[in-house]
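A quick write-up on the structure given underneath.
Nothing in this text is a laboratory measurement; each read-out follows from the coordinates by a stated rule. On a predicted model such as this, the values are computed, not experimentally measured, just so you know. When we count neighbours, we look across all protein chains shown, and the Cβ atoms used for this are built from the backbone with ideal geometry, even at glycine.
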């Protein structure tokens, strides 16, 4: 718990109202009560300020007079809320030290925590304050930067590089072989050794069961500040620019380059060998089949309908070319009868 | 192996024919032979009864006279078949006891089995007859109800709750952080601590490599009797009603609420903050982008075509608005020439 | 490093130019330098031969005179490149032997390597030169053929069969229960025990976090030479023919049979109980909802558009039936005015 003036001293913002008010946690406007700090991130919910039971609120400058509650005025209340929440709920790291069942073939800083049953192979370099959960595997010559955390059952194949302050969730697999085979005339596949690495920048989060394949010859590269949700598949030699966020279940095929600050919606797919510009937003469920050269929002998903409407409407999808031809024919017939 | 009268004594149904017939396993009508118990679940396959080599069959009341084989008459032959199969193939649980390589920081009932290399952290409460396979991680303060089974390599993050008689398959991850970040003006993401839990009801099955994220402030909730296939992603603060079944590869985005007894087809996606009513069926591959307020079947997927037909027809998808405008123009021209 | 004449002695092909040239690695035409062996797999890149800095190149017979560099002439340069790359980058297997923390309940050949914390249950049969990485679980009565490799954290449920020379990447789960339940009238699900196995042929690669479910009564079968990328879900009783390749994030529903030498694009889905012929290619993101009886390319995905164009065009998808009716009406009106 913190006094409002202590919060502002740490995180900035202008304080209006009693500086001695104490807050213990963050909450939404609707659910906040005594001891809670709520926030108004979107002006359209301003009416909820009226009934708000919070001890204090975070508001933007244009909302500073909309309430008489003790309040912190800041340019971006949602970001401020996130920072307050971080203060109230810091990461709950296990104590430093190597569990006696861990198999660690390198020396690591005293600040490092390695959980039961984890294996760290020869040549790995583990930074200060790194936390490696139970059942992880860190392959030969892997580098993990200061302050990064692996939750349970994370696998990092040999030679891959993880930056500082990264979080890898359970079941993530970094550096498995890319899907590279040459096809013989009889259809047999000849494996192409995947000799590149995965190189992940600083402050990256990788979701549970997400997979990032190592490069074929060059590396697969994930920029600084990238956020990856769960169950994402990133193929060999993909490059993702700084601060791009990718939602769950997305698949990105080989050698595609994605710019900085993009946002890729859930279950979207991006085929191989494309280039996606900076600041592109791809809607959920959209398959990107060509490069996107300009910032903007791009979509290619389908509306859901009642099944009966879908049957009625979508039967025509197989006959769009015929429909188009009939429209042209009608126009030509009408032009003859009724020349413009 | 069981005599038919023993089966009926245990599972109900009316027995016609020799009660002393012995059956050893279940089989389909086509493949059944001596010692097999087959079933007719769908009247349209009734003709197969004629050649059936089974020692006995399970039939519905309206099919009781379609065969002279020894038979069990029951309202739902497929459910009856499932129950017989359960009798013949009970779960093959390992013996109770803690493997010497397990790291268990709590006391557990004597009926519990914990496999090699699994870790159970402080504060966890493990019910009677729970089976935890090899290489699992059960975090601090997790609760696992009586009779639940974790197969290999399951991870449950701190504080999550698993009900009774649940089955979690290998690689499932319960309670990883939800994908919650606030965006700063320069595009950087500030992590919002995910302080809710995952709360799973009784009799729930979770497929291999399925992920269910913990809530941001409130919990993510999975109802009783829910069945989740493999590779499903369930985001933070999702709520799924009792007995809903979700097929493989589905993604459900944050804060969406799904009703009871729904059936969600494979690779479907449901975006965030929606409400789906009870008894809704979503077809495979459908992206649900708005709330569904009434029971029924909903679809939004695409017909597959030969690639040439697809090229021909789908080129028009980028020009539907133009096609619609040309139809309107034709109608107006024709109205002038030929007023109704 | 190898001399060109040594390479040709091992892998075949015709050598033109200095046989004593030494190559150390493979590279693309663009990036190759001193000591590199480049390849021209596609005649359309022939112009790049001019500037190529490689020490030697691999070319097809029709390109043999397009360069004066030392060159190996072979029918399929890309396959040749793959074989050379294999020579330069052989699999980096750990030494034979059982790690002291492995829990191995069977006797295994002296050539086998089993990593830290892995468990091999009773009845399992492990072939010569098998490598099992750290944290794997091999269930009761599993069979693994000679030369196969499991990377970290692979789970194989009881009774499943893996052929020779297979590679299973981290987090793969073989043989979890299929998604089989009978539905009671109140919507409850009764589990149908899954008593079949997964049977995988020789020379199969299974990607990271891919899941293959065991059969319900019969087996799930993966043919020889099949290549599966990451995050694929293969349901119970699926059968996949020899040499078929499946890209990442594909889902294949229960009891579907896929032919030999098929190529299934990323994020494609195939619903259950279908039959797909040999030599079928399914494009990325396509949902296959009916059987495909003839070889060929099949597609059913959507073009991506700017969001504004999508809004404009796709609103009409809900009204295609109306559009079709209006076209018919126009034709009928015009036929009356202007009979053909």
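Annotations for the structure displayed:
- In nanometres and ascending order, the distances from the residue B:22 label point to those of the other copies are 7.6, 7.6 (point 7 Å from Cα along Cα→Cβ).
- Ratio of Rg to Rh over region B:97-298 (Cα coordinates, Kirkwood Rh, two decimals): 1.01
- Within a Gaussian network of chain A (alpha carbon springs, distance under 10 Å), most fluctuating of A:102, A:32, A:315: A:315
- Region C:219-288 - Kirkwood radius from inverse mean 1/r over Cα pairs (Å): 11.3
- DSSP beta bridges in region C:97-298 [antiparallel fraction, %, rounded to 5]: 5
- Teacher prompt: residue B:92 distances to equivalent labels in other copies, 7 Å Cα→Cβ, nm: 3.8, 3.8
- Viscosity 0.692 mPa s, temperature 37 °C, Stokes-Einstein D of chain A from Kirkwood C-alpha radius, µm²/s: 138
- Bridge type composition, chain C - antiparallel percent by DSSP, nearest 5: 10
- For region A:46-92, the fraction of alpha-carbon pairs in successive 10 Å shells from zero, as %: 26, 51, 19, 4
- For chain A, a Gaussian network of Cα nodes joined below 10 Å ranks A:79, A:143, A:112 by mean-square fluctuation, and the top entry is A:79.
- Radius ratio Rg over Rh of region B:275-340, counting only Cα atoms, Kirkwood formula for Rh: 1.20
- Separation between Cα centres of region A:28-98 and region C:262-340, rounded to whole Å: 48
- Whole-Å semi-axes of region B:176-279's equivalent ellipsoid (Cα gyration tensor): 24, 14, 13
- Inter-copy separations for residue B:5, label at 7 Å along Cα-Cβ, nm, ascending: 8.9, 9.0
- Helical mean residue ellipticity (222 nm; -39500 (n - 2.57) per DSSP H run of 4+; nearest 500) of chain A: -4000 deg cm²/dmol
- Highest GNM mean-square fluctuation among B:210, B:74, B:101, for chain B modelled with Cα contacts below 10 Å: B:74.
- Zone residues, region A:313-340, relative to residue C:312, backbone N less than 11 Å from point 7 Å out along Cα-to-Cβ: none
- Here the residues C:290, B:312, B:243, A:336, ranked from fewest to most Cβ neighbours within 10 Å of their Cβ, fall in the order A:336, C:290, B:312, B:243.
- For the protein assembly as shown, share of DSSP beta bridges that run antiparallel, in % to the nearest 5: 15
- Listed from fewest to most Cβ neighbours within 10 Å, the set A:5, C:76 follows the order A:5, C:76.
- Three principal axis lengths of region B:1-113 [C-alpha, angstrom, descending]: 61, 24, 24
- Overall dimensions of the protein assembly as shown as given by Cα atoms, namely Rg and Dmax in Å: 30.5, 93
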